[in-house]
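Step one of this worksheet: look at the structure below.
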Amino acid sequence: MVLLWGLLLLCLSALHTQLRLPLAQASEQQRLSLDEVVKLKDLKGDGEVASAVPGALPDAKLSDTWEETYGHTSPFPTTPEGIKNDESPEDTARAGAGNCHGEEPAGEVLSSEEDEDNQSCDITWKKSQRLASGLMKFSIDLLREVQQENDRSNVILSPLSIALALSHLALGAANQTEKHLLEAIHLESVPCLHHLLSALRRRLAEATLSLASRVYLQKGLEVKEKFLEDSEKFYGAKPVSLSGSSEDDLEAINQWVKEATNGQIPTFLQQLPGNTVMLLLNAIHFHGFWRNKFDAAFTSPDIFHLDDDFVVSVEMMKAQRYSLSWFTLESHDVQVAKFPFKGNVSFVVIVPHQYSWNATHVLESFPYRQLCTLFPEEVPTTVKMPKMKLDYQLELSNILSQMGLQELFTNPNLQKISDESLFVSSIQHQSSLELKEDGVEGSAATSVVISRSLSAFNLDRPFLFIIFEEELGIPLFIGSVQNPNPNAAPQLKELRRSAAAKDDKGYPMPK
């Protein structure tokens with residue numbers, strides 16, 4: 001399944017899982033370089049012929065945009081059952097001529113002109129490719145922003161969960177707010193987006209991935225019926241009323257997430273803001289079983305290289321003759337391996353040779369489009385993989401603001417949800433990943449907390465003032481205030497925060 005691989009496992013491949021493939025011990029070293037002859041189909045575009053050399057972008061002009069470089073394609077160009085193939089012959093050539101097995105995609109072939117004129121919401125191959133391409137770009141953008149804040153820590157994200165939460169929010173957004181939401185997740189050009197995401201959810205649910213959604217509502221909030229109907233229709237999110245007790249609601253929400261993630265995320269939210277009127281929530285659980293399992297008898301302590309100077313002891317899963325497809329991409333100075341699960345899902349690992357590397361830079365220039373063709377036949381290989389369980393949690397408000405969504409947290413247009421003035425007060429994401437001998441288990445949950453907008457104006461920083469006589473507009477006083485308490489000793493902000501100041505009754509002071 002193309003979309004499952006592109007949306008889930010390529011994101012898993014960016015989790016800093018440092019697979020070490022010992023070159024000296026490998027039964028056969030797989031190398032690809034720009035100088036070696038690799039028989040890939042010539043690519044045609046804009047009247048020019050560019051050789052599809054592994055590890056390089058197509059010759060043509062090193063395009064600035066993803067579509068110019070890769071087109072609307074995903075790593076494994078196959079047409080899943082139930083999806084119409086609307087690729088033209090030219091599209092097929094650009095995609096690498098069929099799927100990994102050299103077969104032409106099945107189904108009716110429409111011309112590009114017919115596709116543009118087709119206003120129906122049928123799920124077509126081209127629409128699916130736009131979805132996969134957009135979500136891959138969103139994944140890289142998201143990872144870039146997260147790593148700027150957490151440069152040295154493990155990062156585990158589910159861009160699918162986050163994108164579903166934001167597209168669900170877009171269902172209730174209007175005008176510029178809706179436009180900016182779809183642009184941030186790179187799905188603004190996908191027609192019938194909510195229909196397509198609904199079909200994607202159903203298709204992924206047929207594999208080893210389970211998805212669940214809910215809408216929690218404050219009693220008395222006047223929500224537009226169409227939003228509730230479309231939430232259930234497209235996202236499977238049934239409305240549930242909040243009890244009004246923060247403690248009870250928090251327990252119920254966390255219990256729902258725990259069950260939806262098979263116990264991998266037992267405590268999702270630590271608190272629920274007091275002014276919460278709506279919560280959009282989704283949860284994802286994936287459990288893939290290796291096609292070739294590791295023998296637990298060979299798992300033993302070993303070292304994991306942090307950098308040139310430091311190592312750490314880990315439980316390492318080991319195999320002497322593991323059937324593995326892998327290669328060295330010399331143009332990027334990385335090793336790439338594919339560990340298939342049972343079914344049409346794979347765990348793809350990218351291992352830079354240098355310790356000083358930036359995951360975003362590696363992923364941005366990586367030749368996803370040619371990946372299917374680049375993987376050679378499996379060969380018996382000596383493999384080490386760390387056995388681990390990692391958890392990751394973050395508040396996404398600052399990160400999404402950096403990605404152009406500042407208005408969500410100030411003054412968004414959510415008029416398709418309610419006529420009341422609403423804003424997003426928090427977007428939480430938590431994920432978990434466990435690698436073990438029989439396979440990989442991963443879970444994620446994302447929540448969008450929506451609150452009523454409360455008018456607030458704080459004179460808590462230097463300001464100017466003018467006192468007017470209003471009928472004639474005569475200024476009576478004018479001035480500027482830099483310090484309203486000049487006799488008090490200034491305090492460092494960090495010390496002030498850590499003091500957690502309280503009033504004489506022990507309640508926190510307003511900030």
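Only residues that are in contact with a Lys or Arg (Cβ under 8 Å, 6 or more places away or on another chain), among the aliphatic types (A, V, I, L, M) and surrounded by 22 or more Cβ atoms within 10 Å (Cβ to Cβ): list them for region 171-186, please. Hits for region 171-186 are Leu171, Ala173. The single condition among (1) surrounded by 16 or more Cβ atoms within 10 Å (Cβ to Cβ); (2) free of Cβ contacts under 8 Å to residues at least 60 places away in the same chain; (3) at negative phi that Gly236 does not meet is (3). For region 276-307, the set of residues classified as in contact (Cβ under 8 Å) with a residue 60 or more places away in the chain and surrounded by fewer than 14 Cβ atoms within 10 Å (Cβ to Cβ) consists of Asp295, Ala296, His305, listed by residue number.
The single condition from (1) hydroxyl-bearing (Ser, Thr, Tyr); (2) part of a strand (DSSP E or B); (3) closer than 25 Å to Asn413 by Cβ that Ser161 fails is (2). The condition of being in contact with a strand residue (DSSP E or B) (Cβ under 9 Å, 6 or more places away or on another chain), of a type in the set (D, E, K, R), at pLDDT 90 or above and surrounded by fewer than 23 Cβ atoms within 10 Å (Cβ to Cβ) holds for only one of Lys219, Lys226, Lys137, that being Lys219.
Contact map, region 409-422: first residue farther than 12 Å from Gly172 by Cα, second residue polar (S, T, N, Q) and part of a loop (DSSP other than H, G, I, E, B), Cβ cut-off under 6 Å, separation 6 or more or different chains; pairs are Ser421/Ser453.
The values are calculated or read from the model by the stated rules, or taken from the named source; none is laboratory data. These numbers were taken from a predicted model, which means no experiment stands behind them. Glycine gets a Cβ as well: all are built from the backbone with ideal geometry, and neighbour counts include every protein chain shown.
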